[in-house]
1. With a 1.4 Å probe and all protein chains kept in place, how do SER132, SER98, SER181, SER62 rank by accessible area, largest first?
2. Just the accessible area for ARG214, please: 1.4 Å probe, Å², rounded to the nearest 10?
3. Could you tell me which residue out of HIS85, GLY169, GLN124 lies farthest along the dipole of the range 44-172 toward its positive end? Charges go on the beta carbon: Lys and Arg +1, Asp and Glu -1, centred on the Cα centre.
4. Give the ranking of ILE88, ILE235 by solvent-accessible surface, highest area first, calculated with a 1.4 Å probe.
Amino acid sequence: PQGVPCANGHRCCPRGSRCSADGESCITPPGMGGSHVAPRAVPCPDGQSECPDDATCCVTASGAWGCCPMPQASCCADKVHCCPHATICDLAHGRCLSPTGDTPMGTTFPAWKRQPPVSVALRQVLCPDGRSACPDGATCCQMSPAQYGCCPLQNAVCCSDGQHCCPQGTVCDLERSTCTSSGGREPLQASLPKARDVKCDEETSCPDGNTCCRLSSGAWGCCPLEEAVCCPDHIHCCPQGYTCDPSAGSCLQQGGERQPWLQKTPALTRGGDVQCDEETSCPQGSTC
């Protein structure tokens, strides 16, 4: 099911390679030998199926998508056969007609389901205000009515002074600047810098450490990378210094290094917060 049939119908090549002009050998594009590189493929209009590079998507009799083993081919009306580019299907005689001479018809084979690249999920902890976020493994602690900070402990206890935190299962002792438990005392943990959001426009924002990228709908989305490259498909993004390679579904660096691209998430609407300055805001209905 992973093979690429050649035009003569007698031989086939592995997925990711293509048949030579005489159909006697398989050609693997440069850099396609490693299993870590996604093979080039032609996406079909349903967005779920794909065909090998140098093939053409054609609808089959069952209504599913099939692949014609020729680039930019003509799909025949019987939904079984196909002909080379710029030729006409002659179903009555089983030939492909062209001014330069007739050629045999090709036969379509089933398309396979697209395998989306595995996204490298950079998880974050969303704070209760719905717009601030802390790194995975941290805890959001409220520093003021309109500001959250990040405690570098998971499931931490946030101290009432809005500046410190303690490990789970302990109690803040602000008088002695310690975290107390049945096992003893340890120094208070200071909260990390404020949890900030990245402003996309006056109404939407992304968590700190993200990049605002437009989605296909025109709305803002969030890429979980700083200073990321927004891909032209309006769905994915790549790290700084990489370029988007839609044909391989990955990010390509100048030296040839690749890594999976990331999928954007919708940006958060600030819900009409009152902006005090570029970095701080108060809940709707209150005053700075």
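The values are calculated or read from the model by the stated rules, or taken from the named source; none is laboratory data. The structure displayed is predicted, hence computed values, not measured ones. Please note: Cβ atoms are built from the backbone with ideal geometry, for glycine as well, and neighbour counts cover all protein chains shown. Remember, those area values only see protein heavy atoms, side chains included, never the ligands or the DNA or RNA. Shrake-Rupley method; radii C 1.70, N 1.55, O 1.52, S 1.80 Å.
1. Values: SER132 5, SER98 30, SER181 55, SER62 100 Å².
Descending order: SER62, SER181, SER98, SER132.
2. Spelled out: ARG214, probe radius 1.4 Å, area about 110 Å².
3. Toward the positive end, the furthest listed residue is GLY169.
4. Numbers: ILE88 110, ILE235 70 Å².
Ranked from most to least accessible, the order is ILE88, ILE235.
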